[in-house]
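Participant: What follows is a single structure, and I will ask about it in a moment.
The values are calculated or read from the model by the stated rules, or taken from the named source; none is laboratory data. Because the structure is predicted, anything quoted here is derived from the model rather than measured. Using ideal geometry, Cβ is built from the backbone for each residue, glycine included, and neighbour counts are taken over all protein chains shown. Side chains included, ligands, DNA and RNA excluded: accessible areas come from the protein's heavy atoms. Shrake-Rupley method; radii C 1.70, N 1.55, O 1.52, S 1.80 Å.
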Amino acid sequence: MMKYTIKLGCMKLNNYKTIAESYTGEIIEKKSRFIAYMSPVTTEDAALDFIGKISKKHWDATHNVYAYKIRDNNISRCSDDGEPAKTAGAPVLDVIEKEGLTDIVIVVTRYFGGTLLGTGGLVKAYSGAAKAVISNADIVTMQTSVKFVLSIPYTFLGKYENEFIKYGVLILEKEFSENVDILGVCKEEDFTVINKKFSEISNGKYLIEPIEKLFYGFKE
């Protein structure tokens, strides 16, 4: 059976929604291009680093507007980058908050198309760009989870895999030796039920060991 250091604790924190990877989106508003970039971040330094990279990439853009929300210390920041006050960064941040997302940064790059949009038009455009990139994303809910090691006879693998699908168990690693050894993650609230199901399937002919409590992302 796989060997891991046990790190179980009493962690029980609130679930939250975020993204697991970076995404882009784009809209056109009266010939102005609004290109939105979104990335997961867990620190303000990481957010600022991402903003810097996008601003460097689009050094010739009219504006590089940004907003970010960090769960740790409940940090929220935004910048209009030269657009009229509260017409750019604030609308992007508002979209992030209304979507219930955290630990993300969004940069919206604008290339001016020759037509002024007015304050209302700017709010609509920057909000629209933020919505466009979020609509392209796979949202994950970070939940208190249990990582476990499971060892089962080969003959029960198919039935166990059906239970993995049913309860959204994520398989991180498999080893095939005398038995099938599996490293998996499930929601903490499901662990007891899953353990009972595993016992029923194999008539107790299995070994399971919880090794760590952690936050893990499950797709919505």
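Participant: Find which of Ser177, Asn195, Tyr206 sits farthest along the positive direction of the dipole of segment 163-220, computed with +1 on the beta-carbon of Lys and Arg, -1 on that of Asp and Glu, about the Cα centre.
Facilitator: Final value for the positive-end residue is Asn195.
Participant: Oh, and also: Which whole-number percentage describes the relative contact order of the chain, with Cα contacts under 8 Å and a sequence gap of 6 or more?
Facilitator: 26
Participant: Could you work out the local net charge near Asn74, counting Lys and Arg as +1, Asp and Glu as -1, over the other residues with Cβ closer than 13 Å to its Cβ?
Facilitator: Working: positive: Lys69, Arg71, Arg77; negative: Glu44, Asp72, Glu97, Asp103.
Charge balance in the 13 Å sphere: -1.
Participant: Express in nm, to one decimal, how much length is gained between Asp138 and Glu212 on full extension, taking 0.36 nm for each residue of separation and deducting their alpha carbon distance.
Facilitator: So the extension gain works out to 24.1 nm.
Participant: How would Lys205, Lys98, Lys197, Lys69 rank on accessible area, largest to smallest, probe 1.4 Å? Before the final figure, lay out the partial values.
Facilitator: Details: Lys205 130, Lys98 160, Lys197 65, Lys69 35 Å².
Per-residue accessible area, sorted high to low, gives Lys98, Lys205, Lys197, Lys69.
Participant: I want to check the label-to-label distance for Glu21 and Thr115. Put each point 7 Å from Cα in the C-beta direction and report it in nm to one decimal.
Facilitator: 3.6
Participant: If you roll a 1.4 Å probe over segment 114-220 with all protein chains in place, what percent of the accessible area is carbon or sulfur?
Facilitator: Exposed carbon and sulfur together represent 51 percent of the surface.
Participant: Okay, next question. Decide, for segment 94-170, between rounded, prolate and oblate: order the square roots of the alpha carbon gyration tensor eigenvalues as a ≥ b ≥ c, take rounded if a/c falls under 1.5, and otherwise choose prolate if a/b is larger than b/c, else oblate.
Facilitator: Prolate.
Participant: Determine ³J(HN,Hα), in whole Hz, for all residues of segment 90-103 in sequence, where each value follows from phi through the Karplus function 6.51 cos²θ - 1.76 cosθ + 1.60 and θ = phi - 60°; x replaces Gly and Pro.
Facilitator: For segment 90-103, the Karplus-derived couplings read 4, x, 5, 4, 4, 5, 4, 5, 5, 7, x, 9, 8, 6 Hz, x marking Gly and Pro.
Participant: With 32 Å as the limit, write out which pairs from Lys57/Lys86; Lys69/Lys174; Lys31/Lys57; Lys17/Lys205 have Cα-Cα distances beyond it, or answer none.
Facilitator: Values: Lys57/Lys86 24 Å; Lys69/Lys174 36 Å; Lys31/Lys57 21 Å; Lys17/Lys205 37 Å.
Listed pairs above 32 Å: Lys69/Lys174; Lys17/Lys205.
Participant: Does the chain come out rounded, prolate or oblate by the C-alpha gyration tensor, with a ≥ b ≥ c the root eigenvalues, rounded set by a/c under 1.5 and, if not, prolate when a/b is larger than b/c and oblate if not?
Facilitator: Since a/c reaches 1.5 and a/b is larger than b/c, the shape of the chain is classed as prolate.
Participant: Leaving ligands, DNA and RNA out of it, rank Asp45, Asp103, Asp81 by accessible area with a 1.4 Å probe, largest first.
Facilitator: Result, largest first: Asp45, Asp81, Asp103.
Participant: Moving on to the next point. R0 = 22 Å: FRET efficiency of Lys53 with Ser76, Cβ-based, nearest 0.05? Don't skip to the end; give the middle numbers.
Facilitator: On the way: r = 21 Å, r/R0 = 0.94.
For R0 = 22 Å, the calculated efficiency reads 0.60.
Participant: For the chain, what does -39500 (n - 2.57) per DSSP helix run (n ≥ 4), summed and divided by total residues, give at 222 nm, in deg cm²/dmol to the nearest 500?
Facilitator: Numbers: 5 runs with 68 residues, N = 220.
Calculated from helices alone, the mean residue ellipticity at 222 nm is -10000 deg cm²/dmol.
Participant: With θ taken as phi - 60° and the coefficients 6.51, -1.76 and 1.60, list the Karplus ³J(HN,Hα) couplings across segment 114-120 in order, rounded to whole Hz; mark glycine and proline as x.
Facilitator: With coefficients 6.51, -1.76 and 1.60, one gets x, 10, 5, 9, x, 4, x Hz.
Participant: Still on this structure, I have one more. Once you keep just the Cα pairs under 8 angstrom separated by 6 or more residues, what percentage relative contact order results for segment 69-111?
Facilitator: 42
Participant: Give me the accessible area per residue for the chain, probe 1.4 Å, as a whole number in Å². Walk me through the numbers before you get to the answer.
Facilitator: Details: 11530 Å² over 220 residues.
Heavy-atom accessible area per residue stands at 52 Å².
Participant: Along the charge dipole of segment 118-177, pointing to its positive end and built from +1/-1 on Cβ of Lys, Arg, Asp and Glu, which listed residue (Met142, Thr155, Gly120) has its Cα farthest out?
Facilitator: The one lying farthest along the dipole's positive direction is Gly120.
Participant: Further question: GluC sites (Glu not before Pro), restricted to segment 102-198: which are DSSP loop and have at most 15 other Cβ atoms within 10 Å?
Facilitator: For GluC sites (Glu not before Pro) across segment 102-198 that sit outside H, G, I, E and B with at most 15 neighbouring Cβ atoms in 10 Å, the list reads Glu178.
Participant: What FRET efficiency comes out for Glu173 versus Asn203 if R0 is 35 angstrom and r is the Cβ-Cβ distance? Round to the nearest 0.05.
Facilitator: Given R0 = 35 Å and the Cβ-Cβ separation, E is 0.85.
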